[in-house]
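Scroll down for the structure; my scribbles are underneath it.
The values are calculated or read from the model by the stated rules, or taken from the named source; none is laboratory data. Fair warning: this is a prediction, and the values are worked out from it, not measured in the lab. We place every Cβ from the backbone using ideal geometry, glycine too, and count neighbours over all the protein chains shown.
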Amino acid sequence: MPMGQRDFVVAEDLVPEVVGVGCLRQVLDEGSITYLAVSEGSRRRGIGSIVVADLLARCSARGIKRVTLEVAEENSSAISLYKNHRFEIIGRRKNYYAGNVDALVMSLQIESPCEIDSESTAC
Ligand SMILES: CC(C)(COP(=O)(O)OP(=O)(O)OC[C@H]1O[C@@H](n2cnc3c(N)ncnc32)[C@H](O)[C@@H]1OP(=O)(O)O)[C@@H](O)C(=O)NCCC(=O)NCCS
């Protein structure tokens, strides 16, 4: 099994300060978002969404075909964010988190840059 590649995307505010972090793990043509967090004082300003969009752009550029992630079933904020980015719930992992909390498995099929930009003749 290849070791794969990890990307950390860090969002900074105007005064340089890290306000958001996302981590993408790639193995061959599969990706997984293994971490996403925005600092408490900076939430609801679109930063989480920007970080996810950046991670997905990296996936597309690298030919990743599918991205998956786990999210606590009670984490409605994150689930809503991922649904905004067209992730779908494809499964459940029982007692995945401490306190017998289930994880929902969410997945997104990545369109190739050619499919995203229908005007492109490069493909
Ligand atoms: C989940 C998290 C990353 C969202 O970051 P954020 O910067 O506040 O999110 P955004 O401002 O980009 O919001 C994007 C969407 O997420 C959803 N969302 C975010 N916060 C929400 C809240 N408090 N209630 C409901 N929906 C919420 C909404 O759908 C929102 O879209 P909208 O603004 O059009 O309604 C942030 O709350 C966080 O760090 N939480 C703790 C760590 C965590 O749960 N990480 C995810 C692990 S899988």
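Summary table
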read-out	value
Qualifying position, being in a helix (DSSP H, G or I) and either modelled with pLDDT of 95 or more or surrounded by 12 or more Cβ atoms within 10 Å (Cβ to Cβ) (or both), among Leu81, Leu69, Leu24, Leu36	Leu81
Any chance Ala53 is in a helix (DSSP H, G or I) and away from the ligand (no atom under 14 Å from the Cβ)	no
Members of region 39-56 found to be over 15 Å from His85 (Cα atoms) and surrounded by 13 or more Cβ atoms within 10 Å (Cβ to Cβ), listed by number	Ser39, Ser42, Arg43, Arg45
Hits in region 56-67 - residues which are within 16 Å of the ligand (Cβ to nearest atom) and within 15 Å of Gly4 (Cα to Cα)	Val67
Per-region count, region 39-48, residues assigned to a helix (DSSP H, G or I) and either β-branched (Val, Ile, Thr) or closer than 10 Å to Gly20 by Cβ (or both)	3
Scan of region 22-49 for residues that are among the charged types (D, E, K, R) and near the ligand (Cβ under 6 Å from one of its atoms), ordered by number	Arg43, Arg44, Arg45
Cβ-Cβ under 9 Å pairs, at least 6 apart or on other chains, region 63-84 side more than 21 Å from Ile47 (Cβ to Cβ) and touching a residue at least 60 places away in the same chain (Cβ under 8 Å), far side of a type outside the set (D, E, K, R) and surrounded by fewer than 17 Cβ atoms within 10 Å (Cβ to Cβ)	none
Pair list, Cβ under 8 Å, 6 or more apart: region 24-39 residue more than 14 Å from Cys59 (Cα to Cα), other residue of a type in the set (Lys, Arg) and more than 9 Å from the ligand (Cβ to nearest atom)	none
So Val19, is it within 12 Å of the ligand (Cβ to nearest atom), surrounded by 14 or more Cβ atoms within 10 Å (Cβ to Cβ) and of a type in the set (Val, Ile, Thr)	yes
